[in-house]
1. Around ALA48, under 12 Å between beta carbons, what's the net of Lys plus Arg minus Asp minus Glu among the other residues?
2. Determine the sum of side-chain charges near ALA11: Lys and Arg each +1, Asp and Glu each -1, restricted to other residues whose C-beta is under 12 angstrom from that of ALA11.
3. How would MET54, MET1 line up from fewest to most surrounding beta-carbon atoms within 10 angstrom?
4. ASN62: net charge of surrounding residues, Cβ under 12 Å, Lys/Arg +1, Asp/Glu -1, itself excluded?
5. Rounded to the nearest 10 degrees, what's the angle between the helix 44-72 long axis and the longest principal axis of the chain, both from Cα atoms, 0 to 90?
6. What percentages, rounded to whole numbers, describe P(r) for the chain computed over all alpha carbon pairs with 10 Å bin width beginning at zero?
7. Given an 8 Å cut-off on Cα distances and at least 6 residues of separation, report the relative contact order of the chain as a percent.
8. Taking loop as defined by DSSP and a crowding limit of 11 other beta carbons within 10 Å, which chymotrypsin sites (Phe, Trp or Tyr not before Pro) in the range 1-59 fit?
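Every number here is computed from the coordinates shown, using simple stated rules; none is lab data. Note that the structure is a prediction, hence the values are computed from the model and not measured. Glycine also receives a Cβ, built like all others from the backbone with ideal geometry; neighbour counts cover every protein chain displayed.
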Amino acid sequence: MFFHPLGLALAIDINDDGIESLGCVWDSREDPEGFQFDYKNRDSKYIAQALAKMENVNALRNSKAERRKKLFGAVIEPISEKD
């Protein structure tokens, strides 16, 4: 929703114990369409996992939205020259 259209991607590293951690940022800003997933060539298990990840991101974002709206007047913190 943010990184991919800009040509950026966050990598998640998974160690041998299955513990996930933030990896690197992939930078392909020179790519005219940014990052994309090749869903047409993926199986239903892959798509189901991608949908579950999307739902997790949406749930996390929604869990923060109300508080951020109260603090900033919007989910995305506005930037003002006055501040």
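1. +1
2. Spelling it out: positives minus negatives among the neighbours equals -3.
3. The most exposed by this proxy come first: MET1, MET54.
4. After counting each charged neighbour, the total is +3.
5. Orientation of helix 44-72: about 10 degrees from the principal axis.
6. Percent of pairs per bin, in order: 14, 29, 39, 16, 3, 0.
7. Once normalised by length, the contact order is 20 percent.
8. Filter output for the range 1-59: PHE2, PHE37.
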